[in-house]
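Each remark here refers to the structure printed beneath this line.
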Amino acid sequence: MLVYNHQKIEKKVQKKWKKSNLFKTDRNKASKNNYYILDMFPYPSGSGLHMGHTEQATATDLLYRFYKMNGKNVLHPQGFDSFGLPAENYAVKTGIPPSESTDKAINTFKKQMDSLGFAYDFTGDVITSKPSYYKWTQWLFGKFFENGLVELKTDKINWCPSCNTGIANEQVENGKCERCKTEIEQKEVPGWFFKITDFAGDLINDLDKVDWPEATKKNQINWIGRSEGALLSFEVRISNFDSNSNDEILNEKISVFTTRPDTLFGATYLVVAPEHPLITNYELRITNYSEVKKYVERAKNKTEMERLESKEKTGVKLEGLVAINPANNEEIPIFVADYVLGGYGTGAIMAVPAHDERDYEFATKYNLPIKEVVKNKQSKIKDSNIQSKFKIQNSKLFTGQGEMINSGKFNGMDSEEAKKAITEFVGGEMTTNYRLRDWSISRQRYWGCPIPIVYSPEGEAKFVGEENLPWLLPEDVDFQPTGTAPLAKSKELKERTEKIFGKGWTPEVDTMDTFVDSSWYFLRYPDPENEKEFCSREKLKRWLPVDLYIGGAEHTYMHLLYARFFVKAMHKMGLLEFDEPFLKLRHQGMVLDENGVKMSKSKGNVVNPNDMVEKFGADATRMYMMFAAPLDEEIAFKEEGVKGVYRFLEKVWKLFQNKKFIDCGGGCEEVPKELPVLLHKTIKGVTEDIEEMKFNTAISKLMIFINEFSKHKNIPRGAMEKFLILLSPFAPFITEELWSELGHKDSIFDQEWPKYNPEMIKEEEVELVVQVNGKLRDKIKVPADISEDEAKEKALASEKIKKYTDGKEVRKVVFVKGRLINIVV
């Protein structure tokens, strides 16, 4: 076949691979060479794979092939995160059950994956909506339940009125549902919560154990939100309380968490959240209760994000009540304000307007006292940014650390030292606080994993028991969302519950957040057909944790955080011997259209991988996705770029069709001497680039190789075979076919990865950097094996160097062979 016909080649090779078990991993092999590489499994949407999937999957696929040819026993599995709202919404529109549309979508995905040459091992069908999988999701829920790591409680949750379900904090983006972009409401709903907050400290500290992008680590740390501070108590009294009169003593205290207990003497008011029990408990004591109640009602309709990010801070004073500052026994007013959240800390704060921006804004708006208690030691250096923002002359606002003033016996003390001293003085407690909340997993929808809980006639929750797993999703369900969980209308589920547990017992009707399914799926792949355990101890030890995980950075706050929590909880329960799921994590960049705009159906700018494979082939599509930009950077997808890669593959094809390669058994005098050198440089460069995931530069080196080799008549066959192996992870179809045409009966992917000869790539000359007293002054060409004395002699002979050294004493010479010489004068 003289002409490169990608369609014919790729169909032929696909058939060849399907007949073989080439890409099936021996999961029973106990070996130090076991290597587990994984990309985040996809949700099987009706629209099929998109270009983001293609980029992510190509990266893991080429690494799989690379490590396989380097002698590793590589596990490279795939499955489907198949529960979720899109299939249920499709059922609402069409009446087609989610199970049917999901199965159809999975078949589409598998065909696309085959067409793109992704060498996945699908053993065991790890599909989250299959009872064989969600049986173990439910079993794990039972373990969490037994160990007190999941609890039922009524709490205010984020409610999406469009999806008719609650969602977790991590699934809210700028006050909107991250899936459908509808404004989120706050709603009191009973539901199940995983106690992720029990692991908040470990989730931060253990990031030091893993090789993850620093930005991802930082974002998780910020999301968890650790604060070191103190817990302080303020007594609550009736306004104008007279200890000598018959005024009632309330015996009420407000606890506050603060990161600045050193500023306690400067606290001039307290603020409680609209949800704080003080408001309802003392309705009769708050003389302006009607005004307060209206404010609280308005706050209920705001999301937490809206409350925190609102530029204008509002509040209402609780008339009739005051607090007592424990440091100086002064009465201070109490306000309710929605910028304080009921679920963070204690739901109350002490306000120190002289030393906090937000408190300063609020105090100036409501004309409240501002009392300085920390003085800047470097008085000439003010908080200039803050002063500029508030346009203050001789500002009382200082947010840094300094010297204590107006603080009684603590005057003159360093404010950092005063934190602990003042906390102890008022009987407080130094503590750590976290912004992270427990994970709300109850969803009032159908297409999700049923929560395996039943309720006794007295309302007590009970796990259904391992013998009743899988606790099946009923099929007699009306998919139309009404705000009531669809399972509540299932006669099948109700009858099953009463048959097993007795009359009066009722089933839980919420389903689990789909992120529960994806929080442990990587533990199933090593042993996907095990019906007795989610994974045997032996295979857990053999394969886990995951060696390399690749997926989008958008999963930082949800999937990646939840998966870490699950593993830590399972480790605590003795189910796992490790406590981090992914040893190494890398992200792929987002794929944009040619104008740099995010792809979406509504904009009509989506590029379908099917179209690219049809026009240019899988090899060209894969290679372009790896060549267009570094893996972790955005790609502005340009069809012209795919054409360029296609022309390169055409050139490779023609070279193998039109040239007669020579065998060099006893040496090849007729081969230009620069070709073997280039071959070994290419082997070294491509190998190192793949290991460092610099795929774009690896492809560039392969292109340089072909451009140079194609100029010559006498090309060694061995060099071209090695080139094909180097190219094969990027372009598996064309290389498999050309390998076969060279007369090989076995697959190219059963070959050993080429090794380079260090002697072949030694440079005869190098450029030596010459420094004088550490500053670059010249660069000179010298023999690669030059000695220190010779290098010193040549450097001092340089005219550029002489003007810095003449008449001066050379005190020391620092020589780094092949790189630099530093002359200290």
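The values are calculated or read from the model by the stated rules, or taken from the named source; none is laboratory data. As the structure is a computational prediction, the values presented were derived from the model and not from experiment. All Cβ positions, glycine included, derive from the backbone under ideal geometry; neighbour counts span all protein chains shown. For the accessible areas, the whole protein counts, side chains as well, though only heavy atoms, and no ligand, DNA or RNA atoms are used. Shrake-Rupley method; radii C 1.70, N 1.55, O 1.52, S 1.80 Å.
Miscellaneous remarks
- Anchor LYS491: aspartates and glutamates whose Cα lies under 20 Å away (excluding residues fewer than 8 positions away in-chain): GLU88, GLU475, ASP476, ASP478, GLU508, ASP510
- Average Cα contact separation per residue, the chain, under 8 Å, 6 or more apart, as relative contact order %: 14 percent
- The separation of segment 159-227 from segment 32-59, counted between C-alpha centres, amounts to 24 Å.
- Lys/Arg +1, Asp/Glu -1 at C-beta; segment 486-581 dipole; positive extreme among PRO581, PRO528, LEU487: LEU487
- Probing with 1.4 Å while keeping every protein chain in the model, the per residue accessible area of segment 601-714 equals 49 Å².
- Overall form of segment 138-268 per C-alpha gyration tensor (a/c, 1.5; a/b vs b/c): prolate
- The local environment of SER115, defined by Cβ-Cβ distances under 14 Å, has a net charge of +3 under the rule Lys, Arg +1 and Asp, Glu -1.
- Under a 5 Å amide H cut-off, with hydrogens placed 1.01 Å from N, GLU173 pairs with GLU178 among residues at least 5 apart or on other chains.
- For segment 45-58, putting each phi into the Karplus relation 6.51 cos²θ - 1.76 cosθ + 1.60 with θ = phi - 60° gives couplings of 6, x, 7, x, 4, 10, 5, x, 4, 4, 5, 4, 5, 4 Hz, in residue order, rounded to whole numbers and with x for Gly and Pro.
- For segment 15-55, lysine pairs separated by 8 or more sequence positions, or belonging to different chains, with Cα-Cα distances below 28 Å total 7.
- Highest to lowest packing among 587-597, 333-343, scored as the average C-beta count within 10 Å: 333-343, 587-597
- Listed values for segment 459-469 are Karplus-derived 3J(HN,Hα) couplings in whole Hz (6.51 cos²θ - 1.76 cosθ + 1.60, θ = phi - 60°), namely x, 7, 7, 9, 5, 5, x, 4, 5, 9, 9, and x replaces Gly and Pro.
- Annotation: for a label point projected 7 angstrom from Cα along Cα→Cβ of LYS300, residues of segment 269-293 with backbone N closer than 13 Å are 274-276, 280, 293.
- For segment 717-825, the gyration tensor built on C-alpha atoms gives a prolate shape. Its axis ratio a/c (a ≥ b ≥ c) is at least 1.5, and a/b is the larger of a/b and b/c.
- Taking Cβ atoms as reference points and 10 Å as the exclusive limit, the residues near TRP139 contribute a net charge of 0, counting Lys and Arg as +1 and Asp and Glu as -1.
- Sequence ranges 187-199, 11-23, ranked by mean other-Cβ count within 10 angstrom, highest first: 187-199, 11-23
- Student exercise, the chain dipole from Lys, Arg, Asp, Glu Cβ charges, in Debye to nearest 20: 2200 debye
- Sorting ARG777, ARG819 by solvent-accessible area of protein heavy atoms yields ARG819, ARG777, largest first, with a 1.4 Å probe.
- Cα shape, the chain, gyration tensor, a/c 1.5 rule: oblate
- Apportionment of accessible area to carbon and sulfur, the chain, percent (1.4 Å): 46 percent
- Long-range amide H partners of PHE335 with built H, under 5 Å: LEU270, VAL271, VAL272, LEU318
- Gap separating the Cα centres of segment 708-755 and segment 327-352, nearest whole Å: 71 Å
- Listed by chain and number, the aspartates and glutamates whose alpha-carbon sits under 16 Å from that of LYS195, ignoring those within fewer than 8 places in the same chain, are GLU146, GLU151, ASP155, GLU170, ASP438, ASP513.
- Couplings 3J(HN,Hα) for segment 691-699, derived from phi with the Karplus relation 6.51 cos²θ - 1.76 cosθ + 1.60 (θ = phi - 60°), are 4, 8, 6, 9, 5, 5, 6, 5, 5 Hz, where x marks Gly and Pro.
- Charged neighbours of GLY315, selected by a Cβ distance under 12 Å, balance to +1 (K, R count +1; D, E count -1).
- Distances between placed amide hydrogens fall under 5 Å for SER490 paired with no residue 5 or more residues away or on another chain.
- Proximal aspartates and glutamates to LYS377, defined as alpha-carbon separation beneath 18 angstrom and excluding residues fewer than eight positions away on the same chain: ASP262, ASP356, GLU403, ASP414, GLU416, GLU417
- Protection proxy ranking of 419-430, 492-503, by the mean of other Cβ atoms within 10 Å over each peptide's residues and highest first, is 419-430, 492-503.
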